[in-house]
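Below is one structure; the comments refer to it alone.
No value in this document is a laboratory result; all are computed from the given coordinates. Predicted model only: the values in this text are computed from it and were never measured. Reconstructed Cβ throughout: ideal geometry from the backbone, glycine too, with neighbour counts over all protein chains shown.
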Amino acid sequence: MSLKERIAAVDLLRMGILKPKNARYELVDPLFKRYVEQIVMGVEPLEVLIVGHWAERIVGNYLVKRGYTPYYSHDSRGAFDIYVRIKDIDVGIQVKYSVTGRIRLTESEVKRILDTAEEMKWIPIIALVSKRLSFHKDIRPGICTQEQGEEEIEKILKHSYTTNPKEE
């Protein structure tokens, strides 16, 4: 493997998409494996497979309807549940569900999200699923409510980031 392929493999391992098996790497999710195999064979998959917790499905379906392809962290391992590229910006999304529309982020959780985002050069976003879906860019310990977020993820990215941090 080239250095670039090794770096990509390490990133995929960290996200829980790959696992080592008999001195090789293997895709963890069999449905995602089939999806990738179809693309490699030149067959256009009939549908985008949405896996994971139902709240992640809601966020994933939101992204798919806007023309983006979400990638899911297997079993919600890692700091982010979903990776997506939106208008040349790499975005890591942590999905949270709350009946009340309020969540509490701990210091350790925020540190993990922000450290991973910096390491991967991704923009971190919290997606809060409740009565409606809201997106939050201001990630800090404490209470986060739906009213503090935006209903459109593109608005957060448009107002906050004009270039991809990878280019800086």
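For the pair residue 24/residue 111, report the inter-label distance in nm, with labels modelled 7 Å from Cα in the Cβ direction.
4.0
Would you kindly calculate the translational diffusion coefficient of segment 52-167, applying Stokes-Einstein with the Kirkwood radius from alpha carbon pairs, for 25 °C and a viscosity of 0.890 mPa s, and quote it in µm² s⁻¹ without decimals?
Translational D for this selection: 174 µm²/s.
Return the FRET efficiency for the residue pair residue 1, residue 54: r is the Cβ-Cβ distance, R0 is 30 Å, and the value is rounded to the nearest 0.05.
Result of the calculation: an efficiency of 0.25.
Summing +1 for each Lys or Arg and -1 for each Asp or Glu, what net charge is found among the other residues whose Cβ lies under 15 Å from the Cβ of residue 115?
Local charge sum for residue 115: 0.
Treating the beta-carbon of each Lys and Arg as +1 and of each Asp and Glu as -1, no other charges, what is the dipole magnitude of segment 52-167 about its Cα centre, to the nearest 20 debye?
280
Using the Karplus curve 6.51 cos²θ - 1.76 cosθ + 1.60 with θ = phi - 60°, work out ³J(HN,Hα) for each residue of segment 117-125 in order, rounded to whole Hz, and write x for Gly and Pro.
These are the phi-based 3J(HN,Hα) values: 4, 5, 4, 7, 6, 10, 8, x, 9 Hz.
Grab the beta carbon distance between residue 36 and residue 104, set R0 = 45 Å, and tell me the FRET efficiency rounded to 0.05.
About 0.75, to the nearest 0.05.
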